[in-house]
Amino acid sequence: MSYLETVLRRAPAGVPVAADFETVERPALRAPAAGELAVRVIALSLDPYIGPRLRGRHMGEPAPAPGAALPGFTVSQVMSSAHADFRAGDFVVAETGWAEQALVRGDLARKVDPAYPLSAHVGVLGMPGLTAWAGVTQLARVREGDVFSVDAAAGPVGGTAGQIARNLGARTVGIAGGAAKCALVRERYGFDACVDYREADWADRYKAACGAGPTVHFENVGLSVYGKVFPLLQNYARVVLCGLAEHYGSDGPPVSYPLGPIVGKRASVLGLVVYDFYPRLAEWVALGGPWLLEGRLALVEDTSEGVASAPAQFERLLKGQHLGKALVRIGADRV
Ligand SMILES: NC(=O)c1ccc[n+]([C@@H]2O[C@H](COP(=O)([O-])OP(=O)(O)OC[C@H]3O[C@@H](n4cnc5c(N)ncnc54)[C@H](OP(=O)(O)O)[C@@H]3O)[C@@H](O)[C@H]2O)c1
């Protein structure tokens with residue numbers, strides 16, 4: 001049977017918008033060749049890196065041509081398999097494109113545990129959750145007594161990072177854009193405090209919430225936040241540099257900052273690339289999965305319906321208008 005796929009209609013200029021995409025009908029998939037799987041897509045993960053990636057500005061990877069499969073990971077179910085490690089019915093995470101169905105290489109697909117909510121495998125138990133775990137436990141090595149702050153705190157990386165830090169005994173302070181996001185961060189994610197950085201006096205309220213200052217700061221946004229945070233760090237603070245979302249639409253020179261406070265505070269700045277930690281994903285799932293089932297890790301998703309809704313949902317993500325993990329629901333969990 002034919003199926004739908006969303007592709008680029010034209011190369012985006014700056015931050016992508018919904019009008020850059022179109023949804024087309026594809027003919028029925030052929031049978032999988034040796035080593036391949038034919039999958040039906042359940043949920044597509046939309047992530048901030050896809051914006052720069054579509055313009056060839058992410059980790060040296062080329063921009064996809066208009067009409068070609070788009071970058072993006074999904075949780076999917078195997079319909080038929082020509083790879084010895086998979087069989088029909090298995091659930092996998094794979095880069096399928098923004099499509100209802102796809103052929104993928106079995107050696108690039110990862111089987112996931114259906115005991116957990118399936119969509120969580122591309123969210124809090126998938127790449128964004130692994131990023132949070134890596135930054136909090138492997139780079140910053142958060143421990144009881146730390147004062148942990150994070151921005152984009154309502155999102156799957158920032159929100160999960162704060163919940164991990166809280167579960168490890170840190171005091172947690174979130175920074176997020178807007179009252180609804182701050183309410184989510186405090187009430188569902190259980191942070192001790194959250195400040196809305198759209199308010200003029202946010203830096204004063206952040207300072208009050210942190211007491212003596214953060215011992216760990218996890219950065220996801222960019223200069224407008226860390227420019228205020230760095231001077232407030234405690235001595236010997238650890239800073240995880242994870243993302244610079246507010247700069248992803250820019251083709252200009254790299255973001256700069258007067259580095260005096262890093263020297264003065266004897267701070268360590270730790271760059272994070274999640275790719276380094278994929279071999280350790282099972283460690284995070286073994287810790288975070290039970291937390292999810294016990295309610296010590298929240299599953300908050302912002303989901304649109306159907307592959308044709310992906311462009312508008314992606315535009316919302318890139319404008320920061322979503323609440324929680326941005327997803328597109330493409331198929332039922334079970335058929
Ligand atoms: N280093 C790595 O390996 C790695 C891996 C995964 C993710 N990341 C990074 O981690 C960060 C968070 O990822 P996520 O998936 O959890 O995303 P997210 O928080 O769901 O979405 C990004 C958030 O960035 C904030 N933001 C600030 N200025 C923005 C702007 N000008 N345009 C768009 N958003 C803006 C918005 O939150 P507010 O409204 O609260 O500001 C927005 O909701 C991103 O920077 C991402 O690129 C890095």
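The values are calculated or read from the model by the stated rules, or taken from the named source; none is laboratory data. Nothing here was measured: the structure is a model prediction, and the numbers come from that model. Counting neighbours? That spans all protein chains shown, and the Cβs are built from the backbone with ideal geometry, glycine included.
Taking the stretch 296-335 as the range and being hydrophobic (A, V, I, L, M, F, W, C) and within 15 Å of the ligand (Cβ to nearest atom) as the test, the residues that pass are Leu297, Ala298, Leu299, Val300, Phe314, Leu317, Leu318, Leu323, Ala326, Leu327, Val328.
With the requirement that a residue be small (Gly, Ala, Ser) and buried (at least 16 other Cβ atoms within 10 Å of the Cβ), what does the stretch 202-241 give you? If the condition is that a residue be small (Gly, Ala, Ser) and buried (at least 16 other Cβ atoms within 10 Å of the Cβ), then Ala203, Ala209, Gly213, Gly222, Ala237 are the ones that fit. Checked against the criterion of being among the β-branched types (Val, Ile, Thr), assigned to a helix (DSSP H, G or I) and assigned by TED's automatic domain parsing to the domain that holds Asn220, the candidates Thr160, Thr172 yield just one match: Thr160.
The residues of the stretch 181-193 that are surrounded by fewer than 24 Cβ atoms within 10 Å (Cβ to Cβ) and within 11 Å of the ligand (Cβ to nearest atom), listed by number, are Cys182, Leu184. When the stretch 225-251 is examined, which residues are found to be in a loop (DSSP other than H, G, I, E, B), modelled with pLDDT of 95 or more and hydroxyl-bearing (Ser, Thr, Tyr)? Correct list: Tyr236 only.
Of all positions in the stretch 267-278, at least one carries a residue that is within 23 Å of Ala212 (Cα to Cα), away from the ligand (no atom under 16 Å from the Cβ), without any contact (Cβ under 8 Å) to a residue 60 or more places away in the chain and surrounded by fewer than 19 Cβ atoms within 10 Å (Cβ to Cβ). Checking each residue of the stretch 68-81 against the condition of being of a type in the set (A, V, I, L, M, F, W, C), out of contact with any strand residue (DSSP E or B) (no Cβ under 8 Å at 6 or more places or on another chain) and closer than 28 Å to Gly289 by Cα gives no match.
Scanning the stretch 145-160 for residues that are hydrophobic (A, V, I, L, M, F, W, C) and near the ligand (Cβ under 9 Å from one of its atoms) turns up Ala152, Ala153, Ala154, Val157.
Within the stretch 300-323, residues that are in the same structural domain as Glu246 (by TED's automatic domain parsing) reach no partner that is of a type in the set (Ser, Thr, Tyr) and within 11 Å of the ligand (Cβ to nearest atom) with beta carbons closer than 9 Å at six or more positions or on different chains. Which residue pairs have Cβ atoms closer than 8 Å, lie 6 or more positions apart in sequence or on different chains, and pair a first residue in the stretch 200-225 that is of a type in the set (D, E, K, R) with a second residue that is in a loop (DSSP other than H, G, I, E, B)? Pairs found: Arg205/Glu199; Lys207/Gly213; Glu219/Cys242; Glu219/Gly243; Glu219/Leu244. Of the residues making up the stretch 161-180, those that are within 13 Å of the ligand (Cβ to nearest atom) and either within 22 Å of Leu292 (Cβ to Cβ) or among the aromatic types (Phe, Trp, Tyr) (or both) number 5.
Among the residues of the stretch 290-335, the ones that are of a type in the set (Ser, Thr, Tyr) and surrounded by 17 or more Cβ atoms within 10 Å (Cβ to Cβ) come to 2 in all.
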